[in-house]
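The structure appears right after this line, and notes come after that.
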Amino acid sequence: LIWHMAPAAWVAVGWLLLGLALVEVGFGAQESSLRAWGHAALVVAFGRTFMANFANVGETFGVSRRLLTLVPMIAAYYYVALRLREAGDRYVLMSVEDLLERVYLYLPVVLGTVLIRFELGRAPAVIGWMVLALTLLAVGLRRDVGDFRFQAHVLAGLVFVRAWATNFYVGGTILGVPGRLFAGIVVTAGL
């Protein structure tokens, strides 16, 4: 019903909301099958973003539809990961939920990385990725979350490769500074 009634860019958000509701009701009713269906909807919503949300180039009230649909999804996946971590102390979790807790820590980073590429563009994406990598590293160190630290290192490697392959050959300026110089300074300082 959501697929047929909602605009293409909002289908994934609808599935995400359905998944969140099923997970929460599943915890409230102590019914693991509802949580299983909720997790299925959450994972399918993630996959849907690559078919409809990243390709959506329109704006609503001057804000990119990609931002309007994907930022809440990123927040929701972090919420579910935190919810599963906290629920492990009060509920009996399905064995797959231990794995899903970690998966839900990775999905937002994938969405955020691709979103940065589409929103900032081909060359400036490395700057956004470097900021994301440093943020993940800082949170990972402060909160002792090894998954965030690992993601930061993988993303930093991606930044290095992408900057080397793309940014040395790009013209133009960023904030009045030649683009390759600006990106090189940011990436080098971040690394």
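The values are calculated or read from the model by the stated rules, or taken from the named source; none is laboratory data. Computed from a predicted model, the values in this text were never measured in an experiment. So basically every Cβ, Gly included, is an ideal-geometry build from the backbone, and we count neighbours across all protein chains shown. The area values use the complete protein model at the heavy-atom level, side chains included, leaving out ligands, DNA and RNA. Shrake-Rupley method; radii C 1.70, N 1.55, O 1.52, S 1.80 Å.
Relative to the longest principal axis of the chain, what angle (0 to 90°, nearest 10) does the C-alpha long axis of helix 179-190 take?
60 degrees
For I74 and A55, calculate 0.36 nm times their separation in residues minus their Cα-Cα distance, and state this gained length in nm to one decimal.
So the chain would gain 5.1 nm between I74 and A55.
Assigning unit charges at the beta carbon (Lys, Arg +1; Asp, Glu -1) and nothing else, what dipole magnitude in debye, to the nearest 20, does segment 1-101 show about its Cα centre?
That gives segment 1-101 a dipole magnitude of about 300 debye.
So, with a 1.4 angstrom probe, what is the percent of accessible area on the chain that is carbon and sulfur?
68 percent
Tell me which of L99, N167, A87 sits at the most positive position along the dipole axis of the chain, charges placed on C-beta atoms (Lys, Arg +1; Asp, Glu -1).
N167
Find the accessible area per residue for the chain; the probe is 1.4 Å, ligands and nucleic acids are left out, and the unit is Å².
Accessible surface, normalised per residue, equals 55 Å².
Expressed as a whole number of Å, what is the distance separating the alpha-carbon centroids of segment 124-190 and segment 10-70?
For segment 10-70 versus segment 124-190, the Cα centre distance is 28 Å.
Rounded to the nearest 500, what is the 222 nm mean residue ellipticity of the chain from helices alone, with -39500 (n - 2.57) per DSSP H run of 4+ residues and division by all residues?
Helices in the chain give a 222 nm mean residue ellipticity of -25000 deg cm²/dmol.
Can you pull out the trypsin sites (Lys or Arg not before Pro) in segment 28-102 whose DSSP state is coil and whose Cβ has at most 15 other Cβ atoms within 10 Å?
Here the trypsin sites (Lys or Arg not before Pro) that fit, given the DSSP loop and packing criteria, are R90.
If you fit an axis through the alpha-carbon atoms of helix 32-48 and take the longest principal axis of the Cα set of the chain, what angle between them do you get, 0 to 90°, nearest 10?
The helix 32-48 is inclined about 30 degrees to the chain.
For the Cα atoms of the chain, what angle does the longest principal axis make with the long axis of helix 125-143, in degrees from 0 to 90, nearest 10?
50 degrees
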